[in-house]
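In what follows, a structure is listed as structure tokens, so that the remarks can point back to it.
Just so it is clear, none of the values below were taken in a lab; they were calculated from the coordinates. Here the structure is a predicted model, which means the values were calculated and not measured. Heads up, the Cβs are rebuilt from the backbone with ideal geometry, glycines too, and the neighbour counts pull from every protein chain shown.
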Amino acid sequence: MGIVLGGLDAAMAGGLPLLFPQLFTKSPVIAAHMASAAPILSLCLLLHALSNMLEGVLFATGDLRFFSTQYLASSVAVFFLFAKQRAAAAAGFAPSLPDVWKTFVVYQVLRCAQCAARVALNQRHRQTASTPLHHKTINANGSPAIEEHTHVLMDEETNYGRGIDEQLPAPEQQEQEQEQEQEQREHMTEAFV
């Protein structure tokens with residue numbers, strides 16, 4: 001559904017400036033600039049819909065810590081791209097409107113790649129958690145033996161599986177981590193509202 005709405009959004013953003021520029025301006029010069037940027041703007045909005053869909057998956061699984069690094073990395077990269085454009089403009093080589101929108105496309109591509117990789121990683125952890133675990137034990141006669149454990153405990157916060165022989169955090173630490181996660185969720189919700 002997100003891709004369909006993103007496609008509709010992209011089609012309108014690309015089509016309206018080309019077909020109905022008078023909705024935005026009466027200037028033929030500005031209309032020509034809008035028309036030159038329309039395809040890139042359209043692509044940017046399509047990628048934005050995809051990245052938002054992937055972010056929604058990550059929000060739904062409670063992977064909020066990832067966002068603190070993901071947004072920072074993308075923003076730093078885009079900052080440097082815009083700084084390069086600003087330096088070119090200062091040297092007399094002003095970027096065109098499509099060039100500016102290409103920077104936003106790079107930002108959306110980074111977000112899509114980061115979120116898609118994280119969703120895939122989380123999915124791999126889920127699949128790994130559902131497979132039998134093996135660990136070495138020593139038989140009574142002193143020889144190594146391999147035991148298979150098919151029971152896996154799921155950590156509610158990360159959905160990553162833990163073997164039954166692994167030690168879980170103390171209840172106090174779990175409560176503290178859950179409170180911190182809830183505060184982060186509330187902060188993120190406030191930021192988006």
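Whole angstrom only: what separates the Cα centroid of the range 13-30 from the Cα centroid of the range 67-88?
29 Å
For a test of the definition: using alpha carbon positions, the gyration tensor, and the 1.5 limit on a/c, classify the range 22-123 as rounded, prolate or oblate.
Oblate is the answer for the range 22-123, as a/c is 1.5 or above yet b/c matches or exceeds a/b.
How far apart, in nm, are two points set 7 Å out from the Cα along the Cα-to-Cβ line at Ala83 and at Glu179?
About 3.9 nm separates the two model spin labels.
Could you tell me which chymotrypsin sites (Phe, Trp or Tyr not before Pro) in the range 86-116 are loop residues by DSSP with no more than 13 other beta carbons within 10 angstrom of their beta carbon?
Phe93
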